[in-house]
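Student: If you scroll down you'll find the structure; I have some questions about it.
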Amino acid sequence: MSYRAEYIWMDGTQPTAKLRSKTKILADGAELPIWGFDGSSTNQAEGHASDCVLKPVFSCTDPIRGGDDVLVLCEVLNTDMTPHASNSRVALREVAEKFYAQEPIFGIEQEYTFFKNSRPLGFPESGFPPPQGHYYCGVGADEIFGREIVDQHLDNCLKAGLGVSGINAEVMPGQWEFQVGPLSPLEVADQLWVARWLLYRTAEDFGVSATLDPKPAKGDWNGAGAHTNFSTKAMRESYDAIIEACEALGRDDKPLRHIKNYGIGVESRLTGAHETAPWSEFSYGVSNRGASVRIPWQVEVDRKGYIEDRRPNANVDPYVVTRLIIDTCCTALEKADLV
Ligand code: ADP
Ligand code: MN
Ligand code: MN
Ligand code: MN
């Protein structure tokens with residue numbers, strides 16, 4: 001007997017990488033080998049030297065094919081085994097190792113929007129649905145569009161063993177969210193990429209596409225983000241560490257450095273309206289969904305816990321956002337002797 005391994009990787013599409021995958025048939029019991037692909041078809045190589053290498057880094061049950069079949073997330077390497085320019089995982093690996101002792105963990109809230117016939121699912125063929133206000137966590141056919149897909153996606157994530165912690169309908173019709181974590185940096189980012197692949201793949205069977213476009217409908221409609229919740233061991237034990245992490249994110253060139261890497265089109269989403277803070281002004285506050293970084297009310301009550309960076313776009317690269325937050329906050333916590 002043999003089994004099927006679906007090799008998944010991020011391509012070289014600019015400014016936002018797309019997911020690609022292809023199937024390898026392996027002999028029963030065979031380990032996952034290094035594999036390759038034609039990088040000239042994925043914006044990762046020129047035609048005259050087109051080979052790129054796939055190195056398996058995370059695998060799980062394939063919930064769609066079932067049986068012994070697996071999903072295999074890969075890093076992309078050059079043929080000399082150095083990291084490919086599109087490989088953003090390798091930099092996270094280094095930073096996560098450096099600050100391993102601070103035990104950083106993340107929970108990422110992935111918002112997304114279903115599309116059918118070039119319109120958000122639930123939008124009429126022309127014109128607009130009733131204004132937003134009752135769709136968030138709603139129920140009923142007048143408010144909810146795509147629940148059968150969402151439930152199937154959740155089921156698939158759980159069968160795959162991914163650390164998904166919840167789902168909810170969002171503020172705009174056809175817009176939804178799932179949360180991955182809390183998990184270690186590499187775990188949360190790897191599993192978010194696989195959960196995204198499963199989202200596209202699940203919706204495909206319903207003739208619907210899913211997009212991480214940060215502002216899928218212009219006008220008075222919420223954008224789509226990827227709120228990134230973060231803590232270290234010290235933050236889970238002391239409020240001073242919580243405050244220092246927030247302060248660090250607002251210090252020097254950090255606000256701009258983070259914003260620039262929080263997903264293309266971040267300025268179109270972080271306008272100051274629709275539960276966002278303007279991208280050009282850093283702020284933090286307790287319970288404040290109009291701040292860049294929110295300290296949940298329970299965290300203020302408990303004097304310990306985690307913080308929520310509300311700025312990352314839905315289309316952010318989780319390898320990048322987790323790396324930047326660890327780098328900024330863990331460096332500052334170390335300096336302030338809060339580790
Ligand atoms: P919101 O109220 O912002 O919609 P959610 O419930 O959607 O919040 O998401 C909160 C996220 O925070 C979850 O993904 C959860 O796993 C994560 N989280 C909870 N505790 C911690 C922690 N100590 N460190 C990091 N992330 C955490
Ligand atoms: Mn949420
Ligand atoms: Mn949300
Ligand atoms: Mn949130």
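None of the figures in this text is laboratory data; all of them are computed from the coordinates on show. Source: prediction; values computed, not measured. Backbone-built Cβ (ideal geometry, glycine too); neighbour counts: all protein chains shown.
Student: Taking the Cα atoms of segment 278-339 alone, what are Rg (to one decimal) and Dmax (as a whole number) in Å?
Tutor: 12.8, 34
Student: Which three extents, in angstrom, do the Cα atoms of segment 33-128 have along their principal axes, listed largest first?
Tutor: 53, 45, 33
Student: Let me ask another. Among LEU32, LEU324, LEU192, rank each residue by its count of other Cβ atoms within 10 Å, from fewest to most, as a rough exposure measure. The partial results should precede the final answer.
Tutor: Numbers: LEU32 17, LEU324 24, LEU192 28.
Lowest count first: LEU32, LEU324, LEU192.
Student: Separate question: Between GLU300 and THR82, what is the spin-label point distance in nm, taking each point 7 Å from the Cα along the Cα→C-beta axis?
Tutor: Rounded to a tenth, the inter-label distance reads 5.0 nm.
Student: List PHE115, PHE37 from most exposed to least, where exposure is judged by having the fewest other Cβ atoms within 10 Å.
Tutor: The most exposed by this proxy come first: PHE115, PHE37.
Student: Based on the Cβ-Cβ distance of LYS98 and ILE264, what FRET efficiency does E = 1/(1 + (r/R0)^6) give at R0 = 25 Å, to the nearest 0.05? Could the numbers behind the result be given before it?
Tutor: Values: r = 28 Å, r/R0 = 1.10.
That pair, LYS98 with ILE264, gives E of 0.35.
Student: Could you give the dipole magnitude of the chain about its Cα centre, charging the beta-carbon of Lys and Arg +1 and that of Asp and Glu -1, in debye to the nearest 20?
Tutor: Approximately 340 debye in magnitude.
Student: What's the Kirkwood radius of the chain in Å, using all Cα pairs? Kindly include the intermediate steps, with their values, before the conclusion.
Tutor: Details: mean 1/r = 0.0478 Å⁻¹.
This gives a value of 20.9 Å.
Student: As a test of the formula, what do you get for the chain when each DSSP H run with n ≥ 4 contributes -39,500 (n - 2.57) and the sum is divided by the residue count, at 222 nm and rounded to the nearest 500 deg cm²/dmol? Write out the running numbers ahead of the final one.
Tutor: Working: 8 runs with 90 residues, N = 339.
After summing the helix terms and dividing by the residues of the chain, the value is -8000 deg cm²/dmol.
Student: Further question: Please give, to one decimal in nm, the separation of the simple spin-label points placed at ARG251 and ILE25, each 7 Å out from Cα toward the Cβ.
Tutor: It works out to 5.8 nm between the two label points.
Student: Looking at the chain as a GNM with Cα springs under 10 Å, which of CYS246, CYS74, CYS137 has the largest mean-square fluctuation?
Tutor: Most flexible of the set in this elastic network: CYS137.
Student: Right, another one. Considering only lysines 8 or more places apart in sequence, or on different chains, count the pairs in the chain whose C-alpha atoms sit under 17 Å apart.
Tutor: 10
Student: With +1 on each Lys and Arg Cβ and -1 on each Asp and Glu Cβ, and nothing else charged, work out how big the dipole of segment 2-87 is about its Cα centre, in Debye to the nearest 20.
Tutor: Details: 7 positive and 12 negative charges, 42 e Å.
That gives a dipole near 200 debye.
Student: Of the listed peptides 123-130, 238-245, 164-171, what is their order by residue-averaged count of other C-beta atoms within 10 Å, with the highest listed first? Present the calculation step by step, with values, prior to reporting the outcome.
Tutor: Working: 123-130: 11.2, 238-245: 19.9, 164-171: 17.2.
Highest to lowest by the protection proxy: 238-245, 164-171, 123-130.
Student: So, one more: Given springs between every Cα pair under 10 Å in a Gaussian network model of the chain, which of GLN110, GLN175, GLN44 has the largest fluctuation?
Tutor: Of the options given, GLN44 has the highest mean-square fluctuation.
Student: Within 10 Å, count the other beta carbons around each residue, average over each peptide in 224-234, 288-298, and list them highest first.
Tutor: Working: 224-234: 23.9, 288-298: 17.7.
My ranking of the peptides, most packed first, is 224-234, 288-298.
Student: Using alpha-carbon positions, what is the distance between the centroids of segment 299-317 and segment 169-194, in Å?
Tutor: 13
Student: Let me ask you something else. Evaluate E = 1/(1 + (r/R0)^6) for GLU143 and THR271, where r is the Cβ-Cβ distance and R0 equals 25 Å; express this FRET efficiency to the nearest 0.05.
Tutor: 0.50
Student: Pop out the Kirkwood hydrodynamic radius of segment 1-89 from its pairwise C-alpha distances, inverse of mean 1/r, in Å to one decimal. Numbers along the way, then the final one.
Tutor: Working: mean 1/r = 0.0740 Å⁻¹.
That comes to 13.5 Å for segment 1-89.
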